[in-house]
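**Q** My questions all concern the structure below.
Every number here is computed from the coordinates shown, using simple stated rules; none is lab data. These figures come from a predicted structure and were not determined experimentally. Positions of Cβ are generated from backbone atoms using ideal geometry, with glycine treated the same way; all protein chains shown enter the neighbour counts.
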Amino acid sequence: MSAAKQKLIVFDTTLRDGEQSPGVTLNTDEKIEIARQLSRLGVDVIEAGFPVASPGDFNAVQRIAREVGPLMEGRDGLEPMVICGLARSVKHDIQTAFDAVKDAPRHRIHVFLATSDIHLEFKLKITREQCKQRIAEMVGFAKALCSDIEFSPEDAGRSDPAFLCEALAVAIEAGATTLNIPDTVGYNTPQEYGALMAHLRANTRGADGVVFSTHCHNDLGLATANTLAGVSSGARQVEVTINGIGERAGNTALEEVVMNVHTHPDAYPVFHTINTRLFYSTSRMVEDLSGMAVQANKAIVGRNAFLHESGIHQDGVLKNKQTYEIIRPEDVGVTTGNLALGKHSGRHAFKTKLEELGYGGAALADAQFQAAFARFKQLADSKKTGVTDGDMHALVADVRSATRGASADPAAAAAAGEADDATPAGDAPVCRYTLKHMQVFTGVGVTPTAAVTLHDAQTGADVIDVAVAKNGPIEATYSAIQRIVGLPIELLSFNVSATSTGQETLGKVAVRIARGGPDGAAATPLAASGAEPKFAGVAADVDIITASASAYLSAVNRMVAHDAADSRAPHEQRNVEI
Ligand code: KIV
Ligand code: ZN
């Protein structure tokens, strides 16, 4: 590393811009779980949300500030992660963002206002002069609350560069310390975006004393290229999301930018401090919780990213991996060709394998580790070919899904002093229902029928119901569960994947549900508008109908726990959309 290189500040916005992906709504526990993982990954700044949007968003950002902000696990040589909240250029937004983040040891307010003529004229209906005045006033207001202020001229990519220089100079004068340059609609070419960054740095009064940042959307598939062009032109912060999730075609993928810098240390004037070995496990976590499946051929974290199918390639890789591999799979947490664990493997081997796969340290709470080990033993007993790395990732997702919320620190939650939007309070069990027995009858020329018995921890009773369905055994199983829990539920997404190859593979099922209409199928107006809370569940089993039932039940338990908490809390209202 040359002495002239500067550190690349990685600003992750998975929980804010990423959460704006169509259909993605994470609840507080899920956001905290992702935030913890991002802290372990070595992310420098996390945009934890848009606090004014709703009481639930405020609460999530505040809990991340309090519970994740101080964490130092996996951050040797780094400072605590900066917790950032987004605000429009409105005093109430800015005050609310500050109130949400202020308890983090390091915190930031991110204020934005559009600067392109099209946004000024049609959206904001203000002149360029009024735009500059508002920037001066609102950045100044934010600066009086907090020393670390980021300003974004929204739609910078289509703004007049000369006006942008004036607007940014105003923001600097009012106290902004980071200037983010969003290509909000993913319109720029890499040459254009790089030239814009260079122009702004060279022509904005006071530019030398602030950090410039990239924020690129992927509408033309150029987000990573544009971000790297920005870095080459002097940006020292990149705004990114895990798996590139985000509005429309998404944001820049964190793992892609970092692995470019990692793979070409001489091509960029920066170095990174991200623990790339956690990429695969982080990607799987975000995939499961967001319900946004990662395409198999996605760079770095796609399931095929390190598979060599053709004979010529396989032969080459066997002779020397570098013939067809530019990244060592293990550097991004992908293990290939490793021996599977078997039924004689003990706790120590199991723990070592988890660490190798990116689940070391406090990634799993003790109870989750014990549950995962018990599941592993059952599986190792039934699988002749051993438990593969893919099975292990699925086991972790399954155990986390079944226990989500149970591991939340009650003291910290109480200290937060707010009604959580998802964590149950009082004596409502986190996992009210467990699958005790299930018999499914299906085939060709028969009507699929499912008989399901759930144990209800609240009443102590076992409840059985039977359902038939014309669309297959999973529909019958879900109908029986719905009848037992007595809730109308809409299945929003259902994904099944194999955890490895061969006949002994596990089926991993990921579902998302929301409260349905009175008939249990049609979406409520709230669900259709995206305002109804959504709940994710993941499970893995050798039997995909069992996996489907367990994943569904895990999501149902989250919904039931949410309802129990909700009956004690005022109903969630979404105040603002960006
Ligand atoms: O894309 C965008 O312009 C944004 C801003 C709010 C920073 O996400
Ligand atoms: Zn954006």
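**Q** What are the residues whose amide H is under 5 Å from the amide H of K7, where those residues sit 5 or more places off or on another chain and H is modelled from the backbone?
**A** F271
**Q** Set the Förster distance to 45 Å, then compute FRET efficiency between K377 and D266 from the Cβ-Cβ distance, nearest 0.05. List each step's numbers first, then the result.
**A** Details: r = 48 Å, r/R0 = 1.07.
About 0.40, to the nearest 0.05.
**Q** Taking the DSSP beta bridges in the chain as the whole, what percent of them are antiparallel, to the nearest 5? It would help to have the intermediate numbers written out before the result.
**A** On the way: 36 of 72 bridges.
Within the chain, antiparallel bridges account for around 50 percent of the total.
**Q** Tell me the mean residue ellipticity at 222 nm calculated for the chain from its helices only (DSSP H runs of n ≥ 4, each -39500 (n - 2.57), averaged over every residue, nearest 500). Intermediate values should be presented prior to the final figure.
**A** Details: 17 runs with 211 residues, N = 578.
Calculated at 222 nm, the ellipticity per residue is -11500 deg cm²/dmol.
**Q** Which order do the peptides 378-385, 479-486, 242-249 come out in when sorted by mean C-beta neighbours inside 10 angstrom, highest first? Show your work: numbers first, answer last.
**A** Numbers: 378-385: 14.6, 479-486: 19.0, 242-249: 22.6.
My ranking of the peptides, most packed first, is 242-249, 479-486, 378-385.
**Q** By DSSP, what percent of the beta bridges with both residues in region 8-300 are antiparallel, rounded to the nearest 5?
**A** Numbers: 1 of 35 bridges.
Percentage antiparallel, nearest 5: 5.
**Q** Largest first, please: the extent of the C-alpha atoms of region 149-195 along each principal axis, to the nearest Å.
**A** 31, 19, 15
**Q** Please give the length that would be gained between H455 and R483 if that part of the chain were fully extended, namely 0.36 nm times their separation in residues minus their C-alpha to C-alpha distance (nm, one decimal).
**A** Extending this stretch completely gives an extra 8.7 nm.
**Q** Another question, if that's okay. Picking from G77, V399, A374, whose Cα lies most toward the positive end of the charge dipole for the chain (charges on Cβ: Lys, Arg +1; Asp, Glu -1)?
**A** Towards the positive end, the residue furthest out is A374.
**Q** With charges set only on the Cβ (+1 for Lys and Arg, -1 for Asp and Glu), what does the dipole of region 166-234 come to about its Cα centre, in debye to the nearest 20? Numbers along the way, then the final one.
**A** Working: 2 positive and 6 negative charges, 25 e Å.
That gives a dipole near 120 debye.
**Q** Quick check: residue separation of M72 and H344 times 0.36 nm, minus the Cα distance between them. What number comes out in nm?
**A** So the chain would gain 94.4 nm between M72 and H344.
**Q** Taking the inverse of the average 1/r across all pairs of different Cα atoms in the chain, what Kirkwood radius in Å do you get?
**A** Mean inverse Cα-Cα distance, inverted, gives 25.0 Å.
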